[in-house]
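Nothing in this text is a laboratory measurement; each read-out follows from the coordinates by a stated rule. Model, not experiment: these values are computed from the prediction. Don't worry about glycine lacking a Cβ; one is built from the backbone with ideal geometry, like all the others, and counts go over all protein chains shown.
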Amino acid sequence: MTTAVAAAGVGTATRAGVEVRLENLKRRYAGVTALDGVNLTMAPGELVALLGPSGCGKTTALRLVAGLEQADSGRVVVGGEDVTGQPTNKRDVGMVFQAYSLFPHMTAWQNVAFGLQMRKVDAARRRTRAGEMLELVGLSGYADRFAHQLSGGQQQRVALARALAIQPKVLLLDEPLSALDAKVRARLRDEIRRVQLEVGITTLFVTHDQEEALAIADRVGVMHSGRIEQLGPPTTIYSRPATPFVAEFVGLTNRLAGVVGGGEVEVRGARLPLVQPDAAEGPAIALVRPEAVTFASGGETAAGPLVGTVIAVAFLGATSRVTVDLGDVTILAQLPTSEASAHPAGTRVRLTLRPDPVLIAHDEKAGPA
Amino acid sequence: MSRDRRLKLQVFRVVVFLVFGAFFLVPIGAMFEFSTRGSTDNAPRTLAAWQTIFQTPDLVAAILASLALAVITSVGMLLLLVPTMIWVRLRLPRLNRVVEFLCLLPLTIPAIVLVAGLAPEYRWLSINVSESIFTLAFVYLVLVLPYTYRTLHTGLAAIDVKTLSEAARSLGAGWPVVMGRIIVPNMWSALLNACLLSVAVVLGEFTIANLLNYENLQVAIYLVGKANGGVSIAVAVASLMFAFILLVILSFFGRPRSRVARQPDELAGFGRQLGGGLR
Amino acid sequence: MTVAAKPLVETAGRPLRGGRRFSLDWLGAVPFLAYVGIFLLLPTAIAVGGSFVGPHGLTLSNLTAMNKSYIVAAFVHSVVLSAASAVLGAALGAVLAYAIATGNPNGVLRRLVTSACGVLAQFGGVTLAFAFLATIGLAGFVTLWLQQRGINIYANGIWLYELSGLVLVYTYFQIPLMVLVFLPALDGIRPQWREATESLGGGTWHYWRYVAGPLLAPAFFGGMLLLFANAFSAYATAAALISQGSIIASLLIANTLTSEVGLAQPGLASALALVMVVIVAVVMVLYTQLQGRTSKWLQ
C-alpha cells in the first residue's frame, strides 16, 4: 500500500531517480554459492524489496550494489554507468545498515552531515542541509543528541537522513527494521516509504519479513539459494506464487493431497483451477491458502472429505485462524472473526474451498505448511 | 573489504607479529641460553644449572613456600570475596560501589607505599602470631583483589543471581544451600579464573616479600642470582612458563567472543585493572 | 499487629511496618570491610600519615625536608621514566593490539598472544631484570653476539643500569599491558562504521581521521595514563637491575625505609610515599574518566 506523499515545504532538492541494473551477478565464497546469476532491472524511483530467508543471497546482492563486496562475474549498472569495479566511496550510494551504524562520538546532525563533509561542503551549508534532512525524517528537535540518547527507531531515522543527505543515486537498505520492536517497525517502514516517495530515489530494500516487503514495495523479488525465484508486484507474489517456495515463504499455505487431471486438480472432493494449467497429470500436492478455506453454510457434518472438528481458534484481531482436524490431515482456515467465533473449538464443521487457482508441488508431505 | 586492502592487512599483521615476537621471545630465549651455558667459554651446553635448583635448599624452600602461599591466598580470597559479593549483590546493593572501590584501591596504592605501612603491622604479627612466611598471605589477598574482583563480578553478572536465589528460597532452601549449591556451581569458570590469576600474582610478587624480609620465590631468585646467575635464571624461566601455561588454561575458560562482543573479555578486563605494585 | 520475635535468619533486614529496625544484613559485609581495613587502609594510613608526624607531634617538617636535590631528582627521573615508557609502550602496544584485533576473535593465535600478554604484563621484577641481563647484559647473549661482529653497545658507558636502560626494560611489560587494555576498545569498533564511512564517500584516511581515531583516542590516552601509573609505582625491576643508589622514587622510598638515615627519620619515607600516592591517584582518576568515555562509545 502506498502512502500519500507528505506536504511539500521541505527542501528536498533531489536528483531524479536513476535506473539500476543487476546483470547476471555471481558470487561464491568458501565453497558456498551466495549468488547464482541474479538479474534485476529497477526503474527510476522504484522501491524493490528483496525478500528471502537467511542465506538466500539478498544481503550479498545489496552489498554488491554498494561495492562492499566484489562479484565473481556479472555487472552492476547505475544510471547507465558500469560501476562494477568501483570502490564503495566512489559510487554514489546511500546505505542504511541493520544496526549500530551511527558514529557514537557525533551528534545526530554531525552524523547526517558527515557525507557532506567528505564532499568538502562548507560548515554552514552542511548544518543547514543536515537540519533539512532531519526534518524530512521527522527528527527536527533531535539534532544535538548522540546515538545512545536515541531510541532504536530514531537511530534508524538518523541513519536514513544521513544516507540521503548526499543525494545518492540509489538508496540501499539492509534489513533496517529487523533490530526494532514490532510496533516501531510498522511505523518506521511507512516512514521509509513516505520519504522514499517524496525524494523519488531508486531504492533496494532487503528483508526477511514478508509483511514488510509486501506492505511497501513496488515490486518484490523473492530469493532462494542465490536466485530470484519470482519478481513482481506484491499482490501477484501473494496470490499467484510462481513456485512452491514462494507460495510457502509468502503467507501461509495448506498442503493437500490431490489428483491433477484435465487442467484442474481434484482436492478432497473439490475441483480447483490451476495456476499452471499444463502441470503433470496424476497425484500431486495442492497449495491452498487459508483464506480460500471457509465454513460451508448448512450441509452434512456427519462425514465427508472436508468435514472435521475445530481444534483451535487463534484470535488475530479482525481475522482469526482456525485449525480444523479432518482426520487424516489438519487444515488452516483464515476467516473474519465474527464467523470464526460461531464455531469454537470442539464443534464439527464442513469446509469449502474457494475456486482460486492453486499451485502444485511434487514433494511428499501433506499438511499445513 | 577489497582484496587489495585485505592483502595489505595480512602483510602488516605478519610483519608486526614477527617483529614483536622477536622482541619478546629473544630475552626469554636468552634466559634459556644463559641457564644452559657450560662452565667455560667453549664447554658444551649443560642442564647443570637446572639440576642445581633441586640441590639448593633455599631455592626449593622458597619455591614450595610460594606455591603454598599461592594456594592459601586463592582459598582465602574465595572464602572472603565470594560470600561477600553474593551477599552484597542480593541484600546490600548500596554497598556495591563501596566494595568495588575498595577492591580496585590496591591498584592506586603502590606496593612500595603499602609496605611502608605494613612494616609495623608485620612486626606485631611476627611477635604475637607467627614469624612464618605464610603470614604474607594476609597482604597477598589484598593484592589480588582488583583482578579477582573483576573476574568474579563478571561471573556473577552472567548468572541472574537474584532470580536463582529467589527461586531456591521459594523452594525452601536456606542461605548456605543457596550459596553453596545453587550459585557457586554456576560460577565454576569465574572461580577457577580468579584462582589462576591469584596464583600468577602471588608467584610474581617481589616488593613486599623483599622489604618485609621474607624469602619467597622471587626474592630467592634475586638472592641466588647474586651468586649463581645460571641457576636463578633457570628458576625464573620455569616460573614464567608455569604462569604462561596457567593463563593459557584460563583463556580456554573464557566465553567465545564475536567481533562485536558485548561481554567484557575476562582477561582484558583483568588487564584493564592492572596497575602498579608488582614490578 | 503483634511483634513476635522472629528467627534472625528469616527476617533479617525486613523492617516492621511503621517502624525502623536495624538491618542485620550489614553483618554480612563486616568480615570483608574489616579485613580490607586492617590490611589495606590501615597500612596506607600509616604509610602516608606518618608524613605529618614528627618527633614532637604533628608537623609539616617532613614535607619541607623533601626539598633536597637528590629527592627532587629521583621524582623527576621517575616522571621521565614513566612518561617515556608510557608513550613508547602505548604506541607500540596499540600497533600490536591492532594486529591482534584484526584476526580471528576465537582463534588460537589470539588466545596465545593474549595469554602471553597477561603473563608478560605481570612479568616485572626480578625475572624481567634477569632476562634483560641475560640478553643485553655485559655477558648477555646479544651483547656477545654483537661483540663477535665488532659492535660494542657499551662503548659509551653501561646504559643498561641507567635511566635509558630502565626505559627499554620497562617497555617489556608496558607493551603487553597496553595490549590488554586497548584490545577491548578495538573490539568495540563495529565494522558498520567503516562501511558507512565508505558509503558516504570517505576513504581510509577519512575513516581514521574522523571516525576511528576520535573514537579510540580516549582508550589510547587512558591506556597511556595507566602505563604511566604502572611505571611510576614499579619497584622490583629497578631494584633487581640497580643494586646501588636511588635514581627513581620507588628505589628512594625503599632505601629510605631500610637505611640508617631513614630509620632516624621515619617521617621522610612517609612523606615520599605520600607524594607517590598523590601522583598515582591523580593519574588513575584521569584514567577512570577516559575509561567512562570509552565504554559509552565502544560497548
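Stick to Cα atoms and the Kirkwood definition of Rh, then tell me Rg/Rh for chain B.
That ratio is 1.04, to two decimals.
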Taking the beta-carbon count within 10 Å as an exposure proxy, list A:Leu359, A:Leu197, C:Leu33 from fewest neighbours to most.
C:Leu33, A:Leu197, A:Leu359
With the crude spin-label approximation of a point 7 Å out along Cα→Cβ, what separation in nm comes out for B:Glu131 versus A:Asp122?
8.5
For the stretch A:39-88, compute Rh as the Kirkwood radius over C-alpha pairs and then the Stokes-Einstein diffusion coefficient at 20 °C and 1.002 mPa s; write the answer in µm²/s, rounded to an integer.
180
So what's the angle, to the nearest 10 degrees on a 0 to 90 scale, between helix B:136-158 and the longest Cα principal axis of chain B?
50
Taking just the alpha-carbon atoms of the stretch A:210-368, what radius of gyration and Dmax come out, in angstrom?
16.1, 49
In debye to the nearest 20, how big a dipole does the stretch A:197-260 give about its Cα centre with +1 on each Lys and Arg Cβ and -1 on each Asp and Glu Cβ?
320
Would you kindly derive the ³J(HN,Hα) couplings of the stretch A:203-216 from the backbone phi angles with the Karplus curve 6.51 cos²θ - 1.76 cosθ + 1.60 (θ = phi - 60°), listing them in order in whole Hz, with x for Gly and Pro?
10, 10, 10, 9, 7, 9, 9, 5, 4, 4, 4, 5, 6, 10
Show me, for the stretch A:136-147, the HN-Hα J-couplings you get by feeding each phi into the Karplus relation (A = 6.51, B = -1.76, C = 1.60, θ = phi - 60°), rounded to Hz, glycine and proline as x.
4, 9, x, 10, 3, x, 9, 4, 9, 8, 8, 4
Label-point separation in nm, A:Asp72 to A:Tyr100, each point 7 Å along Cα→Cβ:
2.9
P(r) tail for the protein assembly as shown, what percent of Cα pairs lie past 56 Å?
33
Spelling out what I want: for every residue of the stretch A:169-175, take phi, set θ = phi - 60°, compute 6.51 cos²θ - 1.76 cosθ + 1.60 (Karplus), and round to whole Hz; glycine and proline get x.
7, 9, 10, 10, 10, 9, 6
So which trypsin sites (Lys or Arg not before Pro) in the stretch B:56-143 end up in coil per DSSP with only 12 or fewer other C-beta atoms within 10 Å?
none
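Hey, got the average number of other protein chain Cβ atoms within 10 angstrom for residues in C:276-286?
So the per-residue partner count for this stretch is 3.
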Computed about the Cα centre, the charge dipole of chain A from +1 Lys/Arg and -1 Asp/Glu charges at the Cβ has a magnitude in debye, to the nearest 20, of 1240
Taking the dipole of the stretch B:72-145 about the Cα centre (Lys, Arg +1; Asp, Glu -1; charges at Cβ), the one of B:Leu90, B:Ile72, B:Val144 that reaches farthest to the positive side is B:Leu90
Round to the nearest 10 and give me the degree value, 0 to 90, for the angle of helix A:108-118's Cα axis relative to the longest principal axis of chain A.
70
Within chain A, percent of DSSP bridges classed antiparallel, to nearest 5:
75
To the nearest 10 degrees, how steeply does helix B:111-128 sit against the main Cα axis of chain B, on a 0 to 90 scale?
80
Going by how many other beta carbons lie within 10 Å of each one, how would you line up A:Ser297, B:Ser126, fewest first?
A:Ser297, B:Ser126
What's the average, rounded to a whole number, of partner chain beta-carbon atoms within 10 Å of each residue's beta-carbon in A:84-93?
4
Rounded to a whole number, the mean other protein chain Cβ count within 10 angstrom for residues of C:186-195 is 6
Give the dimensionless ratio obtained when the Cα radius of gyration of the stretch B:47-142 is divided by 2.2 N^0.38 Å.
1.44
